[in-house]
Amino acid sequence: MLTAGGLHILGTERHESRRIDNQLRGRAGRQGDPGTSRFYLSLEDDLMRIFASERVSQLMLKLGMEEGVPIEHGMVTRAIANAQKKVEAHNFEIRKQLLEYDDVMNKQREVIYRHRRAVLNGDNLTNDLYDMIDNSVESTLTVYCPPDQYPEEWDVKGLAEVMQSQFGLDVTQGKDDGGDSLRDLGRDALLEDLRTHAREAYAKKEQELGPELMRFLEKTFMLQVIDHHWKDHLLGMDHLRDGIGLRGYGQKDPLIEYKREGFDLFAGLMERIKSDTLDRLFHVQAVRHEGEQPTPPPQSILSRPQPRMTLNRGDEPVTAPTPAQRADNKVGRNDPCPCGSGKKYKKCHGA
């Protein structure tokens, strides 16, 4: 084969990427062996039809060339190379934009995974939870008692309802005026007073359940809430990305809009994680079943059966759940199917 001139590459079309053409040509010159290559293409090929067909066709008409005559000219080669460059530049922009969209989710993923690892590796999350309590109280106060409003305009009733629902606190207890005296404290003093009461309520909950069990519940609830809301957030970001391209019709950059709205969604995610975690921890209660004997405390809380937990907002008494009774008789696999087909249950609806 070498004596005959080596390998000859015959191409019937040109690829959109010059790299693919060069790889094909490279088959003919491995390790210094001789070889040649030649490519044939038609003006009706996609690459020529989209980018260079009209100019080359007009040139053929001016030169009076007949159909079927091969064209070998440097201008044609340059036209093909320019067409390939345009396609490569277009594909590069697509990959670059895809990377920029993925970078938004990657940054959010790094934050949420770092938060999750901190929960997994943390032995005592009480300080983090106290910070969450403080932030939650401040956010609630900002909604119902804005700093730019006079105390007479505050929604004290709404504040009391949220504090009762979120933390189980009755901020109007012992106040005959229905909470109007809270306006006299001033906003800063009211904020500090609510934070103190919320922390005391959490400490009381810890005394009821025990410090060891409370540490276990803190980690368990935080991981459950993070995983649950993160999955919902991923679905929401997918929906946002599917329709964000339509913003271009409104003369807006879809990527900038995606970053802005993605940030808002992520901020809402972090707030929901904090709120849901506190809601579970403040309303969890241990239920002991009748006849259940207390077990001696072992070295690790994970090594003993845990008391059953239930979420209760105080509206109903805490009672142990009773097992549900089956209302109908169980159909045997070899019994006639209840649908009346005449077949055995295992070969009909029990299949």
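The values are calculated or read from the model by the stated rules, or taken from the named source; none is laboratory data. Keep in mind that this is a model prediction, so the values were computed, not measured. Using ideal geometry, Cβ is built from the backbone for each residue, glycine included, and neighbour counts are taken over all protein chains shown. The area values use the complete protein model at the heavy-atom level, side chains included, leaving out ligands, DNA and RNA. Shrake-Rupley method; radii C 1.70, N 1.55, O 1.52, S 1.80 Å.
Looking across region 1-54 at every residue that is aromatic (F, W, Y) and open to solvent by less than 70 Å² (accessible area, probe 1.4 Å), the one that is modelled with the lowest pLDDT is identified as F51.
Do we find that L302 is part of a helix (DSSP H, G or I), at pLDDT below 75 and over 30 Å from L98 (Cβ atoms) in this structure? Yes: the conditions hold for L302. Residues of region 331-351 that are open to solvent by 70 Å² or more (accessible area, probe 1.4 Å), among the small types (G, A, S) and touching a helix residue (DSSP H, G or I) at 6+ places or on another chain (Cβ under 8 Å): none at all.
Which of the residues belonging to region 124-159 are more than 16 Å from E192 (Cα to Cα), open to solvent by less than 60 Å² (accessible area, probe 1.4 Å) and in a loop (DSSP other than H, G, I, E, B)? Across region 124-159, the qualifying residues are L125, W154.
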